[in-house]
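Please treat every number below as a calculation from the coordinates, not as lab data. These figures come from a predicted structure and were not determined experimentally. Backbone-built Cβ (ideal geometry, glycine too); neighbour counts: all protein chains shown.
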Amino acid sequence: MKIFKIATTIVTAFAITMSFSACAPSNSTVVAKPTGDRAEDKSLQITFKQFKQAYDKYLIDNEIDVTDSSFESSEDTYKKAALDQLVDDTMLKKVVSEEGLDELTEEQNKEMAEYVQSQLDSYKESFKTEAQENDSLLEGEELEAKGEELYQKKLKALNYTEEDLMEDIKYNYKLTLLSNKIIDALNLTIEDAVEYSKTMYEEQFEIFQDSTYVQQVYLPENSRMIKHILIGFSDEVKEKIQTYRSNGDDEGADKYRDEQLAAIKEKADEALTKVKAMENSDEFNELMTEYSDDPGKESNPDGYLIFEGMTNFITEFYDAGMSLKNIGDYTDLVGSDYGYHIIQYASKAEVSEEDLKELNVEDTYFYYIKVQEAINEAYTKWVSDFNFEIYYDVAGINVDDSSSST
């Protein structure tokens, strides 16, 4: 999971040589440094030379064409992004060290070595793919050699050695350990996820009703799955009804709709007659296949979830579905702007204790939100603690407030 902003992604691009003006500061000039208790920590001071290297890498990583006519007008934006990213990187490397993640256990070192090799292999494989795209006749040793050639060219463009690349990958691994350390401290449980979803249902209903991720751990009482047979209007008729409504003419829309409902009533009555003749409720599925014009019947084989308070279904459909008392019950013909519906209470919708036992809290929306909140909180605290002062003007970057920034 990519959680922090980091400058470690290396992607296929072309070599770019960055040029600064003749009046640029010396390589040792400081362009960013922490303040407060960390002000004297020389290891955290960022020099103009480091910035230049980071900027070169930023352009290559982001595949920015310096020959493009729009490059000059965007150059300050690119430079600022590169410097800000370098500040983040410098800060996070220090945090990694202070959290003891430079000294790994034997198991972690083994895992990191495997991770580095896997990422390195994947990176090299991308160059073989590129080589084959350029020349489909390449194979075997020739393909291996061409892929290696492209790989070495990229390292040279980045002014990188393979060891440098491996250090970047190790850094990514340690950032994962850092995020895991934050996550583990949360001690999140599936019971917490249930309470979170209940609160969202009560206080943020609009989000709740549209999120299956929130609903996977909690559904309110009387939730249900409903199916329907839709004897539908043509697209032309539906569009005309919608045009009436969009123009504020609900009376005209209702009149036109009633005329069109009359035109399809014979087919709707035929379907309803067969529904009433069912020997068991399972036959409803067969009648859906035979009669229903619902475009969502294939993608929603279990029907549609509805519960108290929902607003994202048309009123006639929702009200009729909620009015049914028992599983298997069905409505008479229900008219709407889409045609005639015959709606069945297909099944009860609930999240049982057994369902919750099979769920991992890591797979819930609650977990995702809480992890992001915790990591953002930690990141914000680190930014405040280090309180970097960034001298954009010294780095030759024009920003609205170029004297300093944190």
Quiz item: In nm, to one decimal, how far is the modelled label at VAL383 from the one at ASP363, with both set 7 Å along Cα→Cβ?
Solution: 3.4
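Give me the extension gain from THR161 to SER26: residue separation times 0.36 nm, minus the current Cα-Cα distance, reported in nm with one decimal.
Values: separation 135, 0.36 × 135 = 48.60 nm, distance 2.51 nm.
The span from THR161 to SER26 would gain 46.1 nm if fully extended.
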Practice problem: Any chance you could list P(r) for the chain, counting all Cα-Cα pairs in 10 angstrom bins from zero, rounded to whole %? | Solution: 4, 15, 18, 16, 15, 16, 13, 4, 0, 0
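Taking 0.36 nm per residue of sequence separation and subtracting the Cα-Cα distance, how much length would be gained by fully extending the chain between ASN280 and GLU114, in nm to one decimal?
54.0 nm
Considering all projection directions equally, how large on average is the shadow of the alpha-carbon convex hull of segment 96-230, in square nanometres? The partial results should precede the final answer.
Numbers: hull surface 68.2 nm².
That works out to 17.1 nm², a quarter of the Cα hull's surface.
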Quiz prompt | Kirkwood Rh, Cα atoms: Rg over Rh of segment 219-350 | solution = 0.97
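Quick one: compute the contact order of the chain, relative version, from alpha carbon pairs under 8 angstrom and 6+ residues apart, as a percent.
On the way: 451 pairs, mean separation 85.2, N = 406.
RCO, the chain: 21 percent.
At 222 nm, what helix-only mean residue ellipticity would the chain give, in deg cm²/dmol to the nearest 500, using -39500 (n - 2.57) for each DSSP H run of four or more? Walk me through the intermediate numbers first.
Values: 14 runs with 222 residues, N = 406.
So the helix-based figure for the chain works out to -18000 deg cm²/dmol.
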Quiz item: Counting only residues 5 or more places away or on other chains, whose amide H sits under 5 Å from the amide H of SER347 once H atoms are built in the peptide plane?
Solution: MET225
Quiz item: Given 0.36 nm per residue, what is the gain on full extension from THR129 to THR243 after removing their alpha carbon distance, in nm?
Solution: 35.9 nm
Quiz item: Taking the mean number of other Cβ atoms within 10 Å as a proxy for protection, how do you rank 115-122, 49-56 from highest to lowest?
Solution: 49-56, 115-122
Quiz item: Which residues' amide hydrogens lie under 5 Å from the amide hydrogen of ALA32, considering only partners 5 or more residues apart or on another chain, with H built in the peptide plane?
Solution: ILE46, TYR391
Quiz item: Rounded to a whole number of µm²/s, how large is the Stokes-Einstein D of segment 18-77 at 37 °C and 0.692 mPa s, given Rh as the Kirkwood radius over C-alpha pairs?
Solution: 246
Self-check item: Given charges at beta-carbon only (K, R positive; D, E negative), |dipole| of the chain in Debye
Solution: 1080
